[in-house]
Amino acid sequence: MLIRRRRGWELPENAATDEAVYLDRRRLMQGLAAGPILAPALFGAGAAWAADPPDPSAGLYPAKQNPKYTLGRAITPEKDSTTYNNFYEYGTDKDVVQAAQQLKVRPWTIKIDGMVEKPMTVDIDDLLKQMPLEERLYRHRCVEAWSMAVPWTGFPLAAFVAMAKPLSSAKYLKMTTFMDPAMAPGQKQFFYPWPYVEGLTLAEANNELSFLVTGMYGKPLPKQDGAPLRLATPWKYGFKSVKSINRFEFTDKRPLSYWEQLQASEYGFWANVNPEVPHPRWSQATERVLGTNDRVPTQLYNGYGEFVASLYDGMKGEKLFM
Ligand code: MTE
């Protein structure tokens with residue numbers, strides 16, 4: 001998830017994150033030269049935050065597992081998938097657990113607006129009471145060529161779309177992460193296009209695989225994994241799986257995502273996993289499995305073609321796999 005252009009041979013894939021850190025420092029230095037700037041210790045672990053009240057949704061977990069979605073590989077140990085995160089609101093390296101504890105997940109309201117019959121705001125706990133919670137085992141493939149396999153708990157995005165009642169003219173669903181630089185120091189970094197935004201076509205949103213996640217490993221979602229509500233679209237690169245969503249907007253215009261705004265030549269709208277289309281700076285042919293560090297071949301649509309390939313019939317002109 002880097003934005004500085006380099007030729008592939010200049011940067012091994014495993015050096016990718018370091019480059020982001022480097023880039024941030026470089027831009028901070030540029031900012032310093034330009035005038036007043038934020039304190040460099042933006043992501044410092046020292047910030048104080050009030051102890052969280054007990055999670056009112058804790059009793060909903062674990063939910064019954066839906067046996068339809070199988071992994072074909074071992075579940076990633078919880079300690080690995082919950083400590084190796086991408087959550088730029090809390091830092092550009094993978095070690096954001098401590099910083100992410102600043103995120104306040106209650107009260108949490110979700111705005112539903114745009115092209116809907118009736119715009120509304122819903123509280124997360126009221127939403128959880130209305131939605132059919134289930135557990136699903138999904139693979140997750142990051143564009144950085146690592147992967148994990150996770151038992152998510154949540155509900156089909158299609159059930160949420162039905163509740164929201166979009167107008168027939170709506171074509172896309174835009175999903176937005178909270179915006180609160182006091183609670184998420186990364187959002188003080190002015191050179192990133194906050195808030196984090198992602199989008200799907202309504203056909204993709206209504207596909208049975210699209211899942212709104214509220215928990216993992218039979219418990220409410222940890223903050224660093226995008227509590228209290230995130231997306232899982234397992235046939236797409238992980239950056240589509242927007243975290244800590246507080247707004248769903250139905251629209252007839254294709255949303256411009258966070259990463260597309262930052263570097264459109266590397267991160268596009270479709271972002272369907274495809275081992276044959278390299279990222280401009282590294283190969284996507286294989287992936288490193290979190291937990292074991294084994295390197296395994298990457299599959300087209302991350303192995304979910306039977307569910308989603310038909311969504312893209314006849315769309316050859318589009319750049320579907322970036
Ligand atoms: N959502 C927000 N709001 N901020 C982020 O930085 N990173 C994305 C995605 N959703 C990101 C986000 C990326 S690049 C990936 S791979 C996944 O979250 C990582 O999810 P995980 O940390 O639970 O593994």
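The values are calculated or read from the model by the stated rules, or taken from the named source; none is laboratory data. Not measured: the values here are computed from a predicted model. Positions of Cβ are backbone-derived with ideal geometry, glycine not excepted, and every protein chain shown enters the neighbour counts. Heavy atoms of the whole protein, side chains included, go into the accessibility calculation; ligands, DNA and RNA do not. Shrake-Rupley method; radii C 1.70, N 1.55, O 1.52, S 1.80 Å.
For region 168-183, which positions are of a type in the set (A, V, I, L, M, F, W, C), assigned to a loop (DSSP other than H, G, I, E, B) and in contact with a strand residue (DSSP E or B) (Cβ under 9 Å, 6 or more places away or on another chain)? Walk me through how you get there before you give the answer.
Let us first name the residues in region 168-183 that are of a type in the set (A, V, I, L, M, F, W, C), namely 170, 173, 175, 178-179, 182-183.
Keeping just the survivors that are assigned to a loop (DSSP other than H, G, I, E, B) gives 170, 178-179, 182-183.
A170, F178, M179, listed by residue number.
Before we move on, is G186 open to solvent by less than 20 Å² (accessible area, probe 1.4 Å), part of a helix (DSSP H, G or I) and within 15 Å of the ligand (Cβ to nearest atom)? If you could, list the steps in order and put the result at the bottom.
Working: open to solvent by less than 20 Å² (accessible area, probe 1.4 Å): yes; part of a helix (DSSP H, G or I): yes; within 15 Å of the ligand (Cβ to nearest atom): yes.
Criteria met by G186.
Filter region 86-103 down to residues that are in a loop (DSSP other than H, G, I, E, B) and either of a type in the set (D, E, K, R) or open to solvent by 20 Å² or more (accessible area, probe 1.4 Å) (or both), then give me how many there are.
Initial filter on region 86-103 (in a loop (DSSP other than H, G, I, E, B)): 86-87, 91-96, 101-103.
Add one more test, that the residue is either of a type in the set (D, E, K, R) or open to solvent by 20 Å² or more (accessible area, probe 1.4 Å) (or both), and what stays is 86, 93-95, 101-102.
Residues that pass the stated criteria total 6.
Going by what's in this entry, would G268 be described as closer than 18 Å to M148 by Cα, touching an Asp or Glu at 6+ places or on another chain (Cβ under 9 Å) and part of a loop (DSSP other than H, G, I, E, B)? Walk me through it before giving the result.
Details: closer than 18 Å to M148 by Cα: no; touching an Asp or Glu at 6+ places or on another chain (Cβ under 9 Å): yes; part of a loop (DSSP other than H, G, I, E, B): yes.
Here the answer is no, as G268 does not meet what is asked.
Within region 104-130, the set of residues being under 18 Å from L60 (Cα atoms) and open to solvent by 20 Å² or more (accessible area, probe 1.4 Å) comprises V105, R106, P107, D123, D125, D126, K129, Q130.
Conditions tested, residue by residue: (1) touching a strand residue (DSSP E or B) at 6+ places or on another chain (Cβ under 8 Å); (2) among the hydroxyl-bearing types (S, T, Y); (3) within 11 Å of the ligand (Cβ to nearest atom).
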residue: K64; (1), (2), (3): yes, no, no
residue: R73; (1), (2), (3): yes, no, no
residue: K79; (1), (2), (3): no, no, no
residue: T82; (1), (2), (3): yes, yes, yes
residue: N86; (1), (2), (3): no, no, yes
residue: G91; (1), (2), (3): no, no, yes
residue: V97; (1), (2), (3): no, no, yes
residue: V105; (1), (2), (3): no, no, no
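Looking only at residues in region 131-148 that are surrounded by fewer than 20 Cβ atoms within 10 Å (Cβ to Cβ) and assigned to a loop (DSSP other than H, G, I, E, B), the one that is nearest to the ligand (Cβ to nearest atom) is C142. When region 271-316 is filtered for residues that are in a loop (DSSP other than H, G, I, E, B), touching a Ser or Thr at 6+ places or on another chain (Cβ under 8 Å) and without any contact (Cβ under 8 Å) to a residue 24 or more places away in the chain, only A285 remains. Here's a check for you: in region 152-183, which residue that is surrounded by fewer than 19 Cβ atoms within 10 Å (Cβ to Cβ) and closer than 16 Å to Y90 by Cβ is farthest from the ligand (Cβ to nearest atom)? Per the criteria, the residue is A182.
Pairs linking a residue in region 65-86 that is under 14 Å from N293 (Cα atoms) to a residue that is within 12 Å of the ligand (Cβ to nearest atom) and open to solvent by 70 Å² or more (accessible area, probe 1.4 Å), with Cβ atoms under 9 Å and 6 or more positions apart or on different chains, are Y84/D95.
Scanning region 221-231 for residues that are closer than 20 Å to M183 by Cα and not in a helix (DSSP H, G or I) yields L221, P222, G226, A227, P228, L229, R230.
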